[in-house]
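Asker: I'd like to ask you about the structure that follows.
The values are calculated or read from the model by the stated rules, or taken from the named source; none is laboratory data. Every value quoted in this text rests on a predicted model; they were computed, and no experiment measured them. Here the Cβ positions follow ideal geometry from the backbone for every residue, glycine too, while neighbour counts run over all protein chains shown. The accessibility values were calculated without ligands, DNA or RNA, using every heavy atom of the protein model including side chains. Shrake-Rupley method; radii C 1.70, N 1.55, O 1.52, S 1.80 Å.
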Amino acid sequence: MTEQAEVRIGVVGCGGFGLYALQQFAQAPGARPVAMAGTAREASIAAAKRFGIPDVEAVDSLLGRDDVDLVYIATPPFLHHEQGLAALRAGKHVICEKPLAMTVEEADAMIAEAKARDLLVVANLMQRYNPVYDAVFRLISGRVLGEPIHAYFENYASDENLGPGHWFWDRSKSGGIFVEHGVHFFDLFAGWLGKGEVVSAQRGIRPGSSPPIEEQVQCAVRYANDVLVNFYHGFHQPGRMDRQELRIVFERGDVTLYGWVPTVVKVHAVADEAATKALCDLFPGARLDCTVAYGPKDRACSARHKNLDVYQMLELTWGEGVAKSHRYGELLRMMLTDQIAWVRDRAHVRKVTEANGRDSLALAGAADRLALASA
């Protein structure tokens, strides 16, 4: 494909999120939606007209079109492998909603097919495009607050639009909460801390549900240098109470992110002059508040048997005023732009590759198996 060539997108499955993503993809430079398949939603059919798509057609028909270069798959997880392979065998690049597949074996088959045909296959793990991700990565890698020690992600999610018959609760269609939803956050922490190993996992069943509804899961993952991270996902809140919190604890403080697409960073720490400057450089324009200023006789302290010299306890806040929905759309556009750059030039280094989808799925599968075994 030439550098200037337009990438024409066919969408398979256009429910609530698929429609939202399509609106963002249509704004990415050099991308244009041209076909839609696998939906019967009135809102999706109406939206097709907005994008100049005349008809919603069958999946096989869409895959046979010469004017489709890339297929975006936004169907439930159990269809990703089948539809992804079919698209690749039809010579189409593939961007797939998370998870990439239901199992690592299925993901590996998709990746092998893509490599054999020199095609793209990637899961839509757009979190790594967030400027918050980059800032936290630099905070960790620069050891600005010392070594990371522990972290948690708590996801108190809404089930208000997930009725009892929704495919989300059917493990044969969703893969379970770890696989369907947890991959986003396994991928985030892999980017920050490297490869992890699941050391414990549990699941909780909604009392009185028949068939049983897995409504909450949790696991502990061990990363390098014995950094332990706890992941919790529960789908049991009204929509207006949907909330998430992610915190990483360091030797000299912690960083907290809010929302499943975080926009705001809050740092609570003790710091000397050099660390304070480093924080301000990492988070330009942040609000910096001094909670306690230490005089010369109070500056010395210790932790983990290390002597520290600090001159203040501070609170730093960065990213206020950014609308989550706007950031979310920005990340989707950045993800597609990054992948299109590779489609045009194989030398382009992507932020998210097929390995992200595969490796996050492997960790999710390990957590799921351990949770089932411990039930």
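Asker: Please list, by residue number, every one of the GluC sites (Glu not before Pro) in the stretch 238-335 that is coil in DSSP and has at most 14 other beta-carbon atoms within 10 Å.
Answerer: Counting only loop positions with at most 14 other Cβ atoms within 10 Å, the GluC sites (Glu not before Pro) in the stretch 238-335 are Glu320.
Asker: Test of understanding: what is the full-extension gain from Ser141 to Phe17, defined as 0.36 nm times their sequence separation minus their Cα-Cα distance?
Answerer: Length gained, Ser141 through Phe17: 41.3 nm.
Asker: For the stretch 1-154, would you read off the P(r) tail past 27 Å as a percentage of all alpha carbon pairs?
Answerer: Roughly 32 percent, once rounded to a whole number.
Asker: Give the residue from Phe250, Thr317, Met334 lying farthest towards the positive end of the charge dipole for the stretch 245-375; charges sit on Cβ (+1 for Lys and Arg, -1 for Asp and Glu) and the dipole is referred to the Cα centre.
Answerer: Met334
Asker: How far, in degrees from 0 to 90, does helix 131-141 lean away from the longest principal axis of the Cα atoms of the chain, to the nearest 10?
Answerer: Approximately 50 degrees, to the nearest ten.
Asker: Also, I was wondering about something else. Return one number: the angle in degrees, 0 to 90 and rounded to the nearest 10, between the long axis of the Cα atoms of helix 80-89 and the longest principal axis of the Cα atoms of the chain.
Answerer: 60
Asker: Still on this structure, I have one more. Please work out the ratio of the alpha-carbon Rg of the stretch 192-293 to 2.2 N^0.38 Å and round it to two decimals. Spell out each step's value before the answer.
Answerer: Working: Rg = 18.2 Å, N = 102, 2.2 N^0.38 = 12.8 Å.
Dividing the Cα Rg of the stretch 192-293 by 2.2 N^0.38 Å gives 1.42.
Asker: With r defined as the distance between the Cβ atoms of Asp226 and Ala46 and R0 fixed at 56 Å, what FRET efficiency is calculated, to the nearest 0.05?
Answerer: Efficiency at R0 = 56 Å is approximately 0.55.
Asker: Quick one: if you stick a label point 7 Å off each Cα along the C-beta vector at Ser61 and Arg299, how many nm between them?
Answerer: Roughly 7.5 nm, to one decimal.
Asker: Work out how much length Arg117 to Ile149 would gain on full extension: take 0.36 nm times their residue separation and subtract the Cα-Cα distance, in nm to one decimal.
Answerer: 7.2 nm
Asker: Also: For the chain, give the percent of accessible area contributed by carbon and sulfur heavy atoms, probe 1.4 Å, rounded to a whole number.
Answerer: Carbon and sulfur: 52 percent of the exposed surface of the chain.
Asker: Also, I was wondering about something else. May I ask you to compute the full-extension gain from Arg32 to Ala109, defined as 0.36 nm times their residue separation minus their alpha-carbon distance, rounded to one decimal in nm? Intermediate results must be reported in sequence, preceding the final value.
Answerer: On the way: separation 77, 0.36 × 77 = 27.72 nm, distance 2.82 nm.
Full extension of this stretch gives 24.9 nm more.
Asker: Let me ask something else about it. Antiparallel as a % of all DSSP beta bridges within the chain, to the nearest 5?
Answerer: Percentage antiparallel, nearest 5: 65.
Asker: Right, another one. Could you tell me the center-to-center distance, by alpha carbons, between the stretch 294-365 and the stretch 134-174 in angstrom?
Answerer: 13
Asker: Kindly write out, for the stretch 221-228 in residue order, the coupling ³J(HN,Hα) from the Karplus curve 6.51 cos²θ - 1.76 cosθ + 1.60 (θ = phi - 60°), rounded to whole Hz, with x marking Gly and Pro.
Answerer: Karplus-based 3J(HN,Hα) across the stretch 221-228 equals 10, 9, 10, 4, 6, 6, 7, 9 Hz.
Asker: Here is a follow-up. With the cut-off at 22 Å, tell me which of the pairs Lys266/Lys324; Lys98/Lys195; Lys92/Lys195; Lys115/Lys351; Lys173/Lys351; Lys266/Lys297 have Cα atoms farther apart than that.
Answerer: Lys92/Lys195; Lys173/Lys351; Lys266/Lys297
Asker: Starting at the first residue of the stretch 358-375, write each ³J(HN,Hα) from the Karplus equation 6.51 cos²θ - 1.76 cosθ + 1.60 with θ = phi - 60°, in whole Hz, x for Gly and Pro.
Answerer: So the J values, rounded to whole Hz, are 5, 5, 5, 5, 4, 5, 4, x, 5, 5, 5, 5, 5, 5, 5, 5, 8, 5.
Asker: Between 0 and 90 degrees, rounded to the nearest ten: what's the tilt of helix 183-193 against the longest Cα principal axis of the chain?
Answerer: Result, in degrees: 40.
Asker: Something else about it: Could you run the Karplus curve 6.51 cos²θ - 1.76 cosθ + 1.60 with θ = phi - 60° over the stretch 258-268 and give me ³J(HN,Hα) per residue in whole Hz, x for Gly and Pro?
Answerer: 10, x, 6, 10, x, 10, 10, 10, 10, 10, 10
Asker: Given a 1.4 angstrom probe, what's the average accessible area per residue across the chain, in square angstrom? It would help to have the intermediate numbers written out before the result.
Answerer: Values: 16450 Å² over 375 residues.
For the chain, the solvent-accessible area averages 44 Å² per residue.
Asker: So what is the calculated 222 nm ellipticity per residue for the chain, using -39500 (n - 2.57) for each DSSP H run with n of 4 or more, over all residues, to the nearest 500 deg cm²/dmol?
Answerer: -10500 deg cm²/dmol
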